[in-house]
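Undergrad: Please see the structure below; I have some questions.
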Amino acid sequence: MSTYQNDISDIAQLRDTNGSAWDAISPEYAARMRLQNRFKTGLDVARYTADIMRQDMDEYDADPSQYTQSLGCWHGFIGQQKLIAIKKHFGDTKKKYLYLSGWMIAALRSEFGPLPDQSMHEKTSVPNLIEELYTFLRQADARELGGLFRALDDAREAGDEVKAQDAQKQIDNFQTHVVPIIADIDAGFGNAEATYLLAKKMIEAGACAIQLENQVSDEKQCGHQDGKVTVPHEDFLAKIRAVRYAFLELGVDNGIIVARTDSLGAGLTKQIAVTHEAGDLGDQYNSFLDVEELEPGDMNHGDVIINHHGKLVRPKRLPSNLYQFRKGTGEDRCVLDSITSLQNGADLLWIETEKPHIGQIGGMVNRIREVVPNAKLVYNNSPSFNWTLNFRQQVFDAWSEEGKDVSAYDRDNLMSVDYDASDLAVEADNRIRTFQADSAREAGIFHHLITLPTYHTAALSTDNLAKEYFGDAGMLGYVEGVQRKEIRQGIACVKHQNMAGSDMGDDHKEYFAGEAALKAGGKDNTMNQFG
């Protein structure tokens, strides 16, 4: 017997136990409300989604074609619409997640107004957005199930047993819109204790996967900006442990930690690492410093001098009181960061790069896998990359190395629309199309995400609407460019009252007041125009 029918039976027994005072309670209505609220707490969500993500990681290890994907969100409604669209187009949500971007919280959700991605926004905005996303995803469940319940009632009323059984089957096999969220905790918003406290709030809100980066918390920069400053490994590992303790304290034993290294583009450090013996982790960190060897008499007032393998060396210190790494050491530092993180409790890696280049990423991953064979990445398919120019230049360079004639192309001007129909542009677009599958196979990328997609889609669609609506097209700019497409593409939001919960509200009014219920969805509701 189905869970739905079991719930009805259980609640019917409970009603009978409570006597006549509960006579007006419908066991079926109560069972419906239970199904529409499957996840009672954020911890229920975190445990459920952690299991999904762990299974996906295992399946990827067995077959790299089984990679996962997500899109970034800055509002619950955006996340809800993505999952509704995914279910509509693909039938299920398998291997499709959401990403919570610290950049988008800073730019769009701070009470200070738009801020750069420097951890200046309120850290409480992060767990608040996680909770908001799951509130909207659970509402999507309730809305879709409500439609199935109404279809069941209509079939029963019409005496159509086949349709009734079909509706019952869809209810029993309903797939939730709730999926894993990989949530950005930046550099932890403070020390390890601050990281632990914020991680707890994020997990309690529903996060099963927390992404933590190795930058200095109070110097944090966007991964695609200059001026990034990293911390010694032991400082970062303390924060990784803090997040693991938060997961364990809350009973999310399968929680996932994504350790992000920004070392490829970070040429600075705020601290010289503590080291006790040659070759230890602190010594390895310090070995990348840009130093000059000294004689005792060469020291100046205020110099910081370290004994490095029996030699006195002076790290180059900037006016900002930061120390710089030697140029060209970024990849080596990324590899060391990644191995160290995986050996100390991280589950996945994130290597922030300056371009989407499979050879570059795969080269680092191969080195990491010499030590940790199942190492795998979360990768930022970032809008900060000029994908068109990058891939056209990659094709240009590859063809040049192969001896092909590229004299018809200007490498520095490959973004030009004049090349859009060229063989080079076609090949570049094909490489962009297959980038995720290719890099999952060749560069160990388990999860692909776009951090800021809806930031850009909202800007683009708003620009187009403003141009048309305030121009000669007038109202046709909205009707042709928005509503007509919504109707013909079956976009649920064309019935915006339904999306906001009016039909669910009507259901509840009927549950609570019976025939006395004053409903909004009657014949005069203009939403009926959309069928």
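The values are calculated or read from the model by the stated rules, or taken from the named source; none is laboratory data. Not measured: the values here are computed from a predicted model. As a convention, Cβ positions derive from the backbone with ideal geometry for all residues, glycine included, and neighbour counts pool all protein chains shown.
For every residue, the table says whether it meets (1) out of contact with any helix residue (DSSP H, G or I) (no Cβ under 7 Å at 6 or more places or on another chain); (2) among the small types (Gly, Ala, Ser).
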{"site": "240", "(1), (2)": "no, no"}
{"site": "247", "(1), (2)": "no, no"}
{"site": "264", "(1), (2)": "no, no"}
{"site": "267", "(1), (2)": "yes, yes"}
{"site": "278", "(1), (2)": "yes, yes"}
{"site": "291", "(1), (2)": "yes, no"}
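Undergrad: Would you mind telling me which numbered condition in (1) more than 29 Å from the chain's Cα centre (by Cα); (2) over 21 Å from residue 26 (Cβ atoms); (3) touching a residue at least 24 places away in the same chain (Cβ under 8 Å) residue 497 fails?
TA: Among (1) more than 29 Å from the chain's Cα centre (by Cα); (2) over 21 Å from residue 26 (Cβ atoms); (3) touching a residue at least 24 places away in the same chain (Cβ under 8 Å), the lone unmet condition for residue 497 is (1).
Undergrad: Let me ask another. Which is touching a helix residue (DSSP H, G or I) at 6+ places or on another chain (Cβ under 7 Å) and outside the structural domain of residue 232 (by TED's automatic domain parsing), of 308, 301?
TA: 308
Undergrad: Within segment 287-338, track down each residue that is in a loop (DSSP other than H, G, I, E, B) and of a type in the set (S, T, N, Q).
TA: 287, 300, 320, 321, 329
Undergrad: May I pose another question? Is there a residue in segment 166-173 that is modelled with pLDDT under 95, surrounded by fewer than 16 Cβ atoms within 10 Å (Cβ to Cβ) and part of a loop (DSSP other than H, G, I, E, B)?
TA: yes
Undergrad: Separate question: Could you list all residues from segment 325-354 that are farther than 18 Å from residue 234 by Cβ and buried (at least 17 other Cβ atoms within 10 Å of the Cβ)?
TA: Correct list: 329, 330, 332, 347, 348, 349, 350, 351, 352, 353.
Undergrad: Can you name every residue in segment 232-244 that is of a type outside the set (D, E, K, R), assigned to a helix (DSSP H, G or I) and more than 22 Å from the chain's Cα centre (by Cα)?
TA: 233, 237, 238, listed by residue number.
Undergrad: Yes or no: segment 84-97 includes at least one residue that is under 21 Å from residue 257 (Cβ atoms) and part of a helix (DSSP H, G or I).
TA: no
Undergrad: Also: Within segment 13-24, is there a residue that is touching a Phe, Trp or Tyr at 6+ places or on another chain (Cβ under 9 Å), surrounded by 14 or more Cβ atoms within 10 Å (Cβ to Cβ) and not in a helix (DSSP H, G or I)?
TA: no
Undergrad: OK, next. (1) part of a loop (DSSP other than H, G, I, E, B); (2) closer than 29 Å to residue 426 by Cβ: which one isn't true of residue 372, the others all being true?
TA: Status for residue 372: all satisfied but (2).
Undergrad: A follow-up question, please. Filter segment 100-115 down to the residues that are in contact (Cβ under 8 Å) with a residue 40 or more places away in the chain, out of contact with any Cys (no Cβ under 7 Å at 6 or more places or on another chain) and not in a helix (DSSP H, G or I) and list them by number.
TA: 101
Undergrad: Another question, then. Which of the residues spanning segment 206-250 are modelled with pLDDT of 90 or more, closer than 26 Å to residue 381 by Cβ and charged (D, E, K, R)?
TA: Result: 213, 239.
Undergrad: Suppose we keep only residues that are part of a loop (DSSP other than H, G, I, E, B) and touching a Lys or Arg at 6+ places or on another chain (Cβ under 8 Å) within segment 339-368. Which one would you say is modelled with the lowest pLDDT?
TA: Checked segment 339-368; the qualifying residue modelled with the lowest pLDDT is 352.
Undergrad: Continuing with this model, one more query. Could you give me the residue pairs with C-beta distances under 8 Å whose first residue belongs to segment 382-407 and is touching a residue at least 60 places away in the same chain (Cβ under 8 Å) and surrounded by 13 or more Cβ atoms within 10 Å (Cβ to Cβ), whose second residue is part of a helix (DSSP H, G or I) and among the aliphatic types (A, V, I, L, M) wherever it lies, and which are 6+ apart or on separate chains?
TA: No pair meets every condition.
Undergrad: On to the next question. Exactly one condition in (1) under 32 Å from the mean Cα position of the chain (by Cα); (2) among the hydrophobic types (A, V, I, L, M, F, W, C); (3) surrounded by fewer than 18 Cβ atoms within 10 Å (Cβ to Cβ) is not met by residue 158; state its number.
TA: (1)
Undergrad: Please go through segment 52-75 and pick out each residue that is surrounded by fewer than 19 Cβ atoms within 10 Å (Cβ to Cβ) and within 19 Å of residue 132 (Cα to Cα).
TA: Of everything in segment 52-75, just one residue is surrounded by fewer than 19 Cβ atoms within 10 Å (Cβ to Cβ) and within 19 Å of residue 132 (Cα to Cα), namely 75.
Undergrad: Any residue at all in segment 49-69 that is at pLDDT 95 or above, touching a Ser or Thr at 6+ places or on another chain (Cβ under 8 Å) and among the charged types (D, E, K, R)?
TA: So far as segment 49-69 goes, yes, one or more of its residues are at pLDDT 95 or above, touching a Ser or Thr at 6+ places or on another chain (Cβ under 8 Å) and among the charged types (D, E, K, R).
Undergrad: Which pairs turn up if I take residues in segment 18-29 that are among the aliphatic types (A, V, I, L, M) and look for partners that are not in a loop (DSSP other than H, G, I, E, B) with beta carbon separation below 8 Å, at least 6 apart in sequence or on another chain?
TA: 24/514; 25/11; 25/15
Undergrad: Looking only at segment 254-282, filter to residues that are part of a loop (DSSP other than H, G, I, E, B) and in contact with a His (Cβ under 8 Å, 6 or more places away or on another chain); which one of those is surrounded by the most Cβ atoms within 10 Å (Cβ to Cβ)?
TA: It comes out as 273.
Undergrad: Something else: Give me the pairs: first residue in segment 50-67 and farther than 26 Å from residue 202 by Cα, second residue in a helix (DSSP H, G or I), beta-carbon distance under 6 Å, and six or more apart or on different chains, which are they?
TA: Listed pairs, sorted by first residue: 64/440; 64/441; 66/59; 66/60.
Undergrad: Only one of these is farther than 30 Å from residue 456 by Cβ and in contact with a strand residue (DSSP E or B) (Cβ under 9 Å, 6 or more places away or on another chain): 61, 16. Name it.
TA: 61
Undergrad: Then there is this: Among (1) in a loop (DSSP other than H, G, I, E, B); (2) surrounded by fewer than 19 Cβ atoms within 10 Å (Cβ to Cβ), where does residue 179 come up short?
TA: All conditions are met except number (2).
Undergrad: What is the number of the single condition among (1) closer than 20 Å to residue 119 by Cβ; (2) of a type outside the set (Val, Ile, Thr); (3) part of a helix (DSSP H, G or I) that residue 163 does not meet?
TA: (1)
Undergrad: May I ask you to list the residues in segment 86-99 that are touching a residue at least 60 places away in the same chain (Cβ under 8 Å) and either in contact with an Asp or Glu (Cβ under 7 Å, 6 or more places away or on another chain) or not β-branched (Val, Ile, Thr) (or both)?
TA: If the condition is that a residue be touching a residue at least 60 places away in the same chain (Cβ under 8 Å) and either in contact with an Asp or Glu (Cβ under 7 Å, 6 or more places away or on another chain) or not β-branched (Val, Ile, Thr) (or both), then 87, 88, 92, 96, 97, 98, 99 are the ones that fit.
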